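Data first, discussion second: the structure below is written as structure tokens.
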Amino acid sequence: MTAPSASLAGRAVQARRQQVLPNGVLGMLVFVLTEVMLFAGLISAHAIAMAGATEWPPLNQPRLPVVVTLLNTVALLVSGGMLAWAQRAWRRSSQTVNPPLFGALALGLFFVLMQGREWVALIREGLTLTSSTYGGFFYLIVGAHALHALAAILALAWAWRRLAVGRLAEAQLATVAVFWYFVVLVWPFIYIRVYL
Amino acid sequence: MATTTVDAHAHDSHAHEGPKGILGYFWSTDHKVIAQLYLWTGMFMALIGGLMAYVFRMQLAFPGKPVPGFGVVSPVEYNALVTNHGTIMIFWVAMPVLIAAFGNFLIPLMIGADDMVFPRINRLSYQVFLLSAIVILASLVVEGGGFGGAWTAYPPLSANPAYNLTPLGATLWVVAVALEFVAFLLGGINFIVTLMNARAPGMKAYDIPMVCWMIVIASILFMLSVGPLIAGAVMLLFDQTLGTGFFNPAVGGDPILWQHLFWFFGHPEVYVVLLPAIGVTVDIVATFSRRKLFGYRLLLYTAVGIGVLSFFVWAHHQFIAGIDPRMANIFTVTTLLISIPVIEMFFVVFATMYGGSIRLTVPMLWALSFLAEFMIGGMTGIYLGSSGSDIYLHDTYFVLAHFHYTFFPIAIIGGFAAFTYWFPKMYGKMLDERLGKIHFWGTIISFNFIFIPLFILGGLGQHRRIYNFQNFPELAPYQPLRVVATTALVVMLLFQLVFFWNLIKSFRRGVPAPKNPWESNTLEWTADSPPPHGNWPPDQMPVVYRGPYEYGHPGRESDFWPQNVPPAREA
């Protein structure tokens, strides 16, 4: 549709609708805003519980694996970096996107599997959702993050699949990427608050 | 996320006509159909919430006597009724009607778009909302009855079935509220992205009608505040069902933590519903005063300021919850500060009316009464926001009356104002003005007769959430005031029959509505009444040349100047 280019009091009418950002990216950003507040709520609840506790972690509860999780954190950050690399590669040619996108997906999956392994070990050692508030908050916050990571990995897999059949649009990759960056970048805060 | 990159114009539903059959309505992606689904679901829930109020008010006025249509109210039933009246009226009436219904109907029409940018997410939003409404209604009839721990659901009462005696009702209550939040999250994303990305050519940020801005700012507030409450709701659900102890002090939890998470959402929520009501009022007052809105940008920035401030007032609900008195001082200051931008908005409306040629139509009456009644709510809030006087007034009927003087104007008066104003556009029929005025005066007068006695009772020290005041010798003598309030409530409910009669009359043999019955400027009045699927023919999508409030322009023959009329035609 074209609009007549008329002006009133020095004002020209644009010819078409203007988008701030692609719809999907903008929608995802707004959604991520809510997610940031969700994790802010969880982490501040954790902080309040920690501040009010006489011993944290409780003496009879196992310690969290700080070093292994640090390595896992690095894996997740690298995954985020590879996705950024994939997005940059898109600008040259969509042919070069596949390896970094697959790398981001694989490292993301690695992160979740490692976390799962850690959970199994911790449950064996006696840290459960109901064993203490300490355990409750650990599984609540890390579990909430894991659910988000799984959803984001499914989205990445969807994007990777579409790329393989040549039907992925740049805005679609950007939409998925916004969510994955959120999952990647919220984790260091969780690591610092919950593990250290 | 497969749908997210589809352009607003490209979604395939335009190929076929409107919804087919009853079930087709629930699968329609048309924003106007979804708006009506939200509207009628909200009205149905309002009816249920109103009848709940009737039952427990009858118990308070005539304790122990069987209530006509319900029977004798037991204490457990009384608690469930009070709790669910509050929950339903806020989450299933105020939000769906003011934000979801009118947001869905108005935003695409007022910005000249053919639909929302994510029509299928929009449909999902309503379906989740409907599910949440079914869950909250189901929670009332499960074994043990509905949840009775007040709409604020403070633990440990809400967390432990041994205390609340409603193991199923309490869990379903949390699930329903959480589902309702998901629905509004999906809707809110849609509103924000649509307003930013799908505006008609030529419509700049300051050409957007105020009601659209207000609904979008309210959505942003909602998105920012709901996260911590979702976190709290999950923790409460785990406490109820899995035996965790997040809010249980016996195992290291903290019940006050829930209050923080709840009110961090709960107070911005007041402004989430207030802002759309202000937006509706502003649009109606400007139209019926035939005057340009005074201080468009001032109003917009004030709304943003209210939004920011509303995140720093939540602890005024917790003055007697054992918080640090120094913190109480800070929250007293922020709470009193927020009355400044609110009254600023009111002065903007008064300044708009000043010197205008006011038309006292039914929507205008509702809009003006919103200002008057909300003012009473705002003024009494000053006593509650000051931590000193709140220690006496906390949890009395004074709080209850104050709260209803804010939420009733917002949800019910604001809802009726919007409904009567946009009804001709929604259904293509005019409402009867005389019946509308009878309904208006009947509702407003009886509303004041309900809650002014409750202010007095609250000042006398009558506590909230008590089943029978006859057991309190110092409160028993004030029974006549309770009877007045209950009688006024019954009168108000009966006056709603006039409204339904008006609706039926209008649908059956109402005067067909012209495109622009109120001689208004905004774009929705350039579409047919009711607008077809896609709102305008694809080759006649509107283009915007000016702001939405150009009334009474000097040198023009007609006193309004629609946004889409090209200036060339005038020359």
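Points worth noting:
- Residue match in segment B:78-91 (condition: part of a helix (DSSP H, G or I) and in contact with an Asp or Glu (Cβ under 9 Å, 6 or more places away or on another chain)): yes
- Test result for B:T3, within 14 Å of chain A (Cβ to nearest Cβ) and either at pLDDT below 95 or open to solvent by 10 Å² or more (accessible area, probe 1.4 Å) (or both): yes
- Residues of segment B:323-339 satisfying the condition of being open to solvent by 60 Å² or more (accessible area, probe 1.4 Å) and either touching a Leu at 6+ places or on another chain (Cβ under 9 Å) or in contact (Cβ under 8 Å) with a residue 60 or more places away in the chain (or both): B:P325, B:L337
- Looking only at residues in segment A:182-194 that are in contact (Cβ under 8 Å) with a residue 12 or more places away in the chain and surrounded by fewer than 16 Cβ atoms within 10 Å (Cβ to Cβ), the one that is farthest from the other protein chains (Cβ to nearest Cβ) is A:P188.
- Tabulated pairs, segment A:53-66, first more than 9 Å from chain B (Cβ to nearest Cβ), second assigned to a loop (DSSP other than H, G, I, E, B), C-beta under 6 angstrom, 6+ apart or interchain: A:Q61/A:L127; A:Q61/A:S132; A:P62/A:E125; A:P62/A:L127
- Checked against the criteria, B:Q470 does not count as within 14 Å of another protein chain (Cβ to nearest Cβ), of a type outside the set (D, E, K, R) and open to solvent by 50 Å² or more (accessible area, probe 1.4 Å).
- Segment B:541-566 residues that are away from chain A (no Cβ under 11 Å) and more than 19 Å from B:M210 (Cα to Cα), paired with ones that are open to solvent by 30 Å² or more (accessible area, probe 1.4 Å) and at pLDDT below 90 (beta carbon under 7 Å, 6 or more apart): B:D559/B:G552
- B:I192, sole failed condition from (1) at pLDDT 95 or above; (2) more than 10 Å from chain A (Cβ to nearest Cβ): (2)
- Pairs where the first residue, in segment A:140-154, is free of Cβ contacts under 8 Å to residues at least 24 places away in the same chain and the second is open to solvent by 20 Å² or more (accessible area, probe 1.4 Å), C-beta under 6 Å, 6+ apart: none
- Hey, B:Q496 of a type in the set (S, T, N, Q), touching a helix residue (DSSP H, G or I) at 6+ places or on another chain (Cβ under 9 Å) and either at pLDDT below 95 or outside any helix (DSSP H, G or I) (or both) or not: no
- Filtered by the rule that a residue be farther than 18 Å from B:L242 by Cα and out of contact with any Ser or Thr (no Cβ under 6 Å at 6 or more places or on another chain), segment B:155-181 gives B:V177, B:F181.
- Some residue of segment B:279-296 being without any contact (Cβ under 8 Å) to a residue 24 or more places away in the chain and open to solvent by 30 Å² or more (accessible area, probe 1.4 Å): no
- Across segment B:155-207, the number of residues qualifying as on the phi > 0 side of the Ramachandran plot and part of a helix (DSSP H, G or I) comes to 0.
- Output for segment B:242-261, where each listed residue is in contact with a Leu (Cβ under 7 Å, 6 or more places away or on another chain), in a helix (DSSP H, G or I) and surrounded by fewer than 24 Cβ atoms within 10 Å (Cβ to Cβ): none
- Among all positions in segment A:114-133, there is at least one residue which is polar (S, T, N, Q), closer than 16 Å to A:N72 by Cα and within 17 Å of the chain's Cα centre (by Cα).
- Within segment B:370-487, helices (runs of 4 or more DSSP H) holding 1 or more residues that are under 18 Å from B:V273 (Cβ atoms): B:397-407, B:414-427, B:433-459
- Selection status of B:D239, open to solvent by 10 Å² or more (accessible area, probe 1.4 Å), touching a Gly at 6+ places or on another chain (Cβ under 9 Å), of a type in the set (D, E, K, R) and more than 7 Å from chain A (Cβ to nearest Cβ): yes
- Unmet requirement for A:W158, which otherwise passes all of (1) closer than 21 Å to A:N72 by Cα; (2) modelled with pLDDT of 95 or more; (3) not polar (S, T, N, Q): (1)
- Among residues of segment A:136-148, those that are of a type in the set (G, A, S) and crowded, with 22+ Cβ neighbours inside 10 Å, counted: 1
- B:I320 falls short on exactly one of the conditions (1) open to solvent by less than 10 Å² (accessible area, probe 1.4 Å); (2) farther than 17 Å from B:I215 by Cβ; (3) among the β-branched types (V, I, T), and that condition is (1).
- When B:I320, B:I358, B:I340 are checked against the criterion of being among the β-branched types (V, I, T) and outside any loop (DSSP other than H, G, I, E, B), a single residue qualifies: B:I340.
- Just one of (1) in a helix (DSSP H, G or I); (2) more than 14 Å from chain A (Cβ to nearest Cβ) fails for B:N516. It is (1).
- Test: residue in segment B:437-447 that is free of Cβ contacts under 8 Å to residues at least 40 places away in the same chain and surrounded by 15 or more Cβ atoms within 10 Å (Cβ to Cβ): no
- Residue check for B:V483: open to solvent by 30 Å² or more (accessible area, probe 1.4 Å) and β-branched (V, I, T): yes
The values are calculated or read from the model by the stated rules, or taken from the named source; none is laboratory data. As the structure is a prediction and not an experimental result, all values here were calculated from the model. Please note: Cβ atoms are built from the backbone with ideal geometry, for glycine as well, and neighbour counts cover all protein chains shown. For accessibility, only protein heavy atoms count, side chains too; no ligands or nucleic acids. Shrake-Rupley method; radii C 1.70, N 1.55, O 1.52, S 1.80 Å.
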